[in-house]
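Quick notes on the structure that follows.
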Amino acid sequence: MRVNVYAEEMTDRIEIIGKEIDGHRFTGLRFYLELPATVGGVQHQGPFMHRPGDDDSAAVTFWGKRDLREVLRKALAMLDEHYTPPRCGSVFMNAFAPSGRACTRPRGHEGEHG
């Protein structure tokens, strides 16, 4: 199964949840989503509230059997690499890198000329 979450749906509302099953503790990282809606030409976005205290907002939860941080660190490292500008003169260019990125020198070489 593949789940697509679009930028318009993402929020900064995140929570850590946990549960215990047969003596094993599981930790989940839940990302809440808010579906945007256009009303009268104005876009609105917010939690899906039936009534005060009854939040039925959509969410995606990532569950970890062990330390969930390991896979999240890997994902962040991949994003860091993706968004790092290519080095000038580099033979290899990331095929998925945003176009029009400027070349930069590696850190620690700011004073070099050439």
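The values are calculated or read from the model by the stated rules, or taken from the named source; none is laboratory data. What you see is a predicted model; the values in this text were computed from it and never measured. All Cβ positions, even for glycine, are placed from backbone atoms using ideal geometry, and neighbour counts span all protein chains on display.
Contact annotation: residue pairs with Cβ atoms under 9 Å, 6 or more positions apart or on different chains, pairing a residue in segment 23-36 that is acidic (Asp, Glu) with a partner that is buried (at least 16 other Cβ atoms within 10 Å of the Cβ), are 34/9. Taking first residues from segment 62-78 that are in a loop (DSSP other than H, G, I, E, B) and partners that are surrounded by fewer than 11 Cβ atoms within 10 Å (Cβ to Cβ) and of a type outside the set (A, V, I, L, M, F, W, C), the Cβ contacts under 8 Å between residues at least 6 apart in sequence or on separate chains come to 65/24.
Check whether at least one residue in segment 21-41 is surrounded by fewer than 11 Cβ atoms within 10 Å (Cβ to Cβ) and under 24 Å from residue 1 (Cβ atoms), and report yes or no. The answer is yes; a qualifying residue exists. The one condition from (1) loosely packed, with under 10 Cβ neighbours inside 10 Å; (2) at pLDDT below 80 that residue 109 does not meet is (1). Contact annotation: residue pairs with Cβ atoms under 6 Å, 6 or more positions apart or on different chains, pairing a residue in segment 41-60 that is closer than 23 Å to residue 17 by Cβ with a partner that is at pLDDT 85 or above and not in a loop (DSSP other than H, G, I, E, B), are 57/32; 58/33; 59/30; 59/32; 60/31.
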